[in-house]
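Below is one structure, written out as structure tokens; the observations come after it.
The values are calculated or read from the model by the stated rules, or taken from the named source; none is laboratory data. Nothing here was measured: the structure is a model prediction, and the numbers come from that model. Cβ atoms come from the backbone with ideal geometry, glycine included; neighbour counts cover every protein chain shown. All accessible areas refer to the heavy atoms of the entire protein, side chains included, with ligands and DNA or RNA removed. Shrake-Rupley method; radii C 1.70, N 1.55, O 1.52, S 1.80 Å.
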Amino acid sequence: MVEIEGRRDRRAERHAATRREILDAAWRLSGERGLAGWALRDVAEVVGMRAPSLYGYFDNKFAVYDAMFADGYAALLELAGRTDADLVERGAAPVEVLRAAAAMFFEFCVDDPARMQLLFLRTIPGFEPSESAYALARQAFEQMAGVMTTAGLRAPEHVDLWTALLTGLATQQISNDPGGQRWRRLVEPAVDMFVAAHLPVRP
């Protein structure tokens, strides 16, 4: 029995590793051609398998998008967690926390335009993330809202304005000055303007 279970575990590990390889190939193709610029046969070619074999790992292209959606939000949660832990350790002030959170989110977006489009811009007609994938998006949103609440920004409109502000800056950077500084240099001033307008003055 132990040997059988061991073989099953190894098969599961190989299956998971192949899924990861397929996912990495889909991200690579999305970066090169855009989210809609590849087909499953292209992914199969990159990973070195026949296209029909891909269906043993993903039912269709939307299933690949769903896995990418979950993968992207998992990466954001991990990055945000590291950023938050560092700020807590340093005892950062609210304004510093917001500046760091904004810079982290902006860089996350511009680092991978295809990922930003999939996670935040709904650019794939007909695609809706699964409940399990969307749960990660909710977790990321709640984590961000928690950071803002800790800083003293508790109103729902604060969160809405914050997300619009940062997503807008990142979108402008990607669209109009990829790899440059034009909108990147505006992140901190934008945060300071936001804080001046909305953060309660503390004695």
(Q) Please check: in the Gaussian network model of the chain (C-alpha springs, under 10 Å), which one of GLY72, GLY168, GLY179 has the largest mean-square fluctuation. (A) GLY179
Q) What's the FRET efficiency of SER175 with ARG28 using the Cβ-Cβ distance as r and R₀ = 22 Å, to the nearest 0.05? A) 0.55
Q. How large is the accessible surface per residue of the range 71-154, computed with a 1.4 Å probe and reported in Å² as a whole number?
A. 51 Å²
Q | Nearest-ten-degree value, helix 61-90 long axis tilted from longest Cα axis of the chain | A | 40 degrees
**Q.** Selection from GLY168, ALA151, THR123 lying farthest towards where the dipole of the chain points positive, charges on Cβ
**A.** THR123
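About the Cα centre of the range 47-146, how large is the charge dipole given +1 on each Lys and Arg Cβ and -1 on each Asp and Glu Cβ? Please answer in debye to the nearest 20.
That gives the range 47-146 a dipole magnitude of about 260 debye.
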Q | Given charges at beta-carbon only (K, R positive; D, E negative), |dipole| of the chain in Debye | A | 280 debye
Q) Relative to the longest principal Cα axis of the chain, at what angle does helix 2-33 sit, 0 to 90 degrees, rounded to 10? A) 60 degrees
Q: State the extension gain, in nm to one decimal, for the chain segment bounded by ARG10 and ALA197, taking 0.36 nm per residue of separation less the distance between their alpha-carbons.
A: 61.7 nm
Q. Within a Cβ distance under 13 Å of LEU166, other residues only, what is the Lys/Arg minus Asp/Glu net charge?
A. -1
Q. ARG184: net charge of surrounding residues, Cβ under 11 Å, Lys/Arg +1, Asp/Glu -1, itself excluded?
A. -1
**Q.** Gaussian network model of the chain, springs between alpha carbon atoms under 10 Å - residue of ILE22, ILE174, ILE124 with greatest fluctuation
**A.** ILE124
Q: Express the carbon and sulfur contribution to the solvent-accessible surface of the range 81-146 as a percent, rounded to the nearest whole number, probe 1.4 angstrom.
A: 56 percent
Q) Quick one: if you stick a label point 7 Å off each Cα along the C-beta vector at ALA63 and ARG20, how many nm between them? A) 2.0 nm
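With charges only on Cβ, +1 for K and R and -1 for D and E, what is the dipole size of the range 97-203 about its Cα centre, in debye, rounded to 20?
Values: 9 positive and 11 negative charges, 49 e Å.
Magnitude of the dipole: close to 240 debye.
Rounded to the nearest 500, what is the 222 nm mean residue ellipticity of the chain from helices alone, with -39500 (n - 2.57) per DSSP H run of 4+ residues and division by all residues? Could the numbers behind the result be given before it?
Details: 9 runs with 150 residues, N = 203.
Roughly -24500 deg cm²/dmol at 222 nm, from the helical runs in the chain.
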Q) Between ASP86 and ALA164, what length in nm is gained on full extension when 0.36 nm per residue of separation is reduced by their alpha carbon distance? A) 25.5 nm
Q: For every other residue with a beta carbon closer than 11 angstrom to the beta carbon of PHE58, add +1 if it is Lys or Arg and -1 if Asp or Glu, then tell me the sum.
A: 0
(Q) Leaving ligands and nucleic acids out of the surface, order LEU136, LEU29 by accessible area at 1.4 Å, largest first. (A) LEU136, LEU29
Q.
Between helix 94-111 and the chain, what is the angle of the helix's C-alpha long axis to the longest principal axis, kept within 0 to 90° and rounded to the nearest 10?
A. 40 degrees
Q) In terms of solvent-accessible area of protein heavy atoms at a 1.4 angstrom probe, what is the ranking of HIS15, HIS158, highest value first? A) HIS15, HIS158
